[in-house]
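Read the structure below first, then the notes.
The values are calculated or read from the model by the stated rules, or taken from the named source; none is laboratory data. The structure displayed is predicted, hence computed values, not measured ones. A quick note on method: Cβ atoms are made from the backbone with ideal geometry, for glycine too, and the neighbour counts reach across all protein chains shown. These accessible areas exclude ligands, DNA and RNA; they are computed on the full protein's heavy atoms, side chains included. Shrake-Rupley method; radii C 1.70, N 1.55, O 1.52, S 1.80 Å.
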Amino acid sequence: MIRQAPVTIGETIIEPGQRMTVNIPVADLYTHTEMSMPVHVIHGRRPGPRLFLSAAIHGDEIGGVEIIRRILRQKRLASLRGTLIAVPVVNVFGFINNLRYLPDRRDLNRFFPGSPSGSLTSRLADIFMKEIVSRCTHGIDLHTGSSHRTNLPQVRAKLEDETTRSLALTFGAPVVLDANLRDGSLREAAAEMGVQMLLYESGESLRFDEVAIRAGVRGILAVMTDIGMITGKKTKGSRIEPVVARSSTWVRAPNSGIFRSSVRLGERVSKKSVLGRIADPFGIHEEKILSPASGLVIGKLNLPLVHEGDALLHLARFEDAPAAESVVEAFQEELAPDL
């Protein structure tokens, strides 16, 4: 049997067949408290793909932390091929304060690949790229909705690459978005390194959504099986065939007020149908919010209090919207927790 070489994370050498947690130092707090980014490494005995899992790049997006915890408890990892590098909390500064950003008020997912001499955010991005991404062949980054918004389970990827497209469909989320690479994003920086990467979006910040978590765990295991890291396992029940959205758009508030939505997450809407209403606290002035296009609701604001220009609903457009709605309904029924 061919054994793979040891892997080094930080200053720690992990031998084939070992699994351990490594704490990678990051900037200390101004209280002289040491800070580190925890990384769990499972280094298989046999060569294979090297996959990183990351969560809480935005410190308040905690759903992915639970997904990674459940992945690491899988017995199937005992015979892992290749290497799994799991980083449940990338933005440790935001995570301990329940905040999206770092202390310098910057969004980490706009500062990759970072710089060792830049801002605090840029330095953390640089550490993550050098210690984690550069050692991997594949990556899955886990996110939730932000600012009181919840997302339908969805995978975002650049689908013009056939290998990435195949992995996105294999993940098994009901919706796959063909998403362009954004400047400064982890996806863009990973692509420049030749790392195949998916972004999974589902649920709401500072909340656990059981369907979103189950879908994330199942999707990661499906991808790991597909690329040969773990052995296959039959999936109970039917397997959902994802639908690919050709585009998406945000519906924004035309004015400030109290928003009352009349549609649910995953619902199909028609162009010019009423999505909800915005009114002042007295109900004197009220305005209907009409859908700018036909599509499926894949993101929704939960906080009723809105300012002019706030994003209310995220609509995905499909060639066959009724079929897309059926896929979402079947998916939700399949993964809904038992009461």
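Listing for the model above:
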{"item": "Semi-axes of the equivalent ellipsoid for the stretch 68-145, Cα gyration tensor, largest first, Å", "result": "26, 16, 9"}
{"item": "Angle between the chain longest axis and helix 210-226 axis [Cα atoms, degrees, rounded to 10]", "result": "50 degrees"}
{"item": "Portion, in percent, of the accessible area of the chain that falls on carbon or sulfur, probe 1.4 Å", "result": "49 percent"}
{"item": "Förster radius 25 Å - calculated FRET efficiency between residue 193 and residue 320 (Cβ-Cβ, nearest 0.05)", "result": "0.10"}
{"item": "Accessible surface ranking that places the most exposed of 284, 14, 258 first, with a 1.4 angstrom probe", "result": "284, 258, 14"}
{"item": "Heavy-atom accessible area per residue - the stretch 97-195, 1.4 Å, Å²", "result": "42 Å²"}
{"item": "For the chain, calculated [θ]222 nm from helices alone, where every DSSP H run of n ≥ 4 adds -39500 (n - 2.57)", "result": "-7000 deg cm²/dmol"}
{"item": "For peptides 112-118, 208-214, 180-186, sequence by mean Cβ density within 10 Å, most packed first", "result": "208-214, 180-186, 112-118"}
{"item": "At R0 = 35 Å, FRET efficiency that the Cβ-Cβ distance of residue 255 and residue 96 yields, to 0.05", "result": "0.40"}
{"item": "Environment charge at residue 23 (Cβ cut-off 12 Å; Lys +1, Arg +1, Asp -1, Glu -1)", "result": "-3"}
{"item": "Cα convex hull volume per residue for the stretch 140-205 (Å³)", "result": "80 Å³"}
{"item": "Sequence of 193, 224 when ordered by accessible area, the most exposed leading, probe 1.4 angstrom", "result": "193, 224"}
{"item": "Set of aspartates and glutamates with alpha-carbon distance to residue 130 below 17 Å, sequence-local pairs under 8 removed", "result": "11, 141, 188, 192"}
{"item": "Nearest-ten-degree value, helix 162-171 long axis tilted from longest Cα axis of the chain", "result": "80 degrees"}
{"item": "Kirkwood Rh and Cα Rg combined as Rg/Rh, the chain", "result": "0.99"}
{"item": "Volume of the Cα convex hull of the stretch 226-339, divided per residue and given in Å³", "result": "151 Å³"}
{"item": "Cα point-scatterer Debye curve for the stretch 179-274, base-10 log of I(q)/I(0) at q = 0.20, 0.25 Å⁻¹", "result": "-1.37, -1.43"}
{"item": "Flagged links, alpha-carbon separation over 28 Å, of 271/300; 75/300; 158/300; 158/272", "result": "75/300; 158/272"}
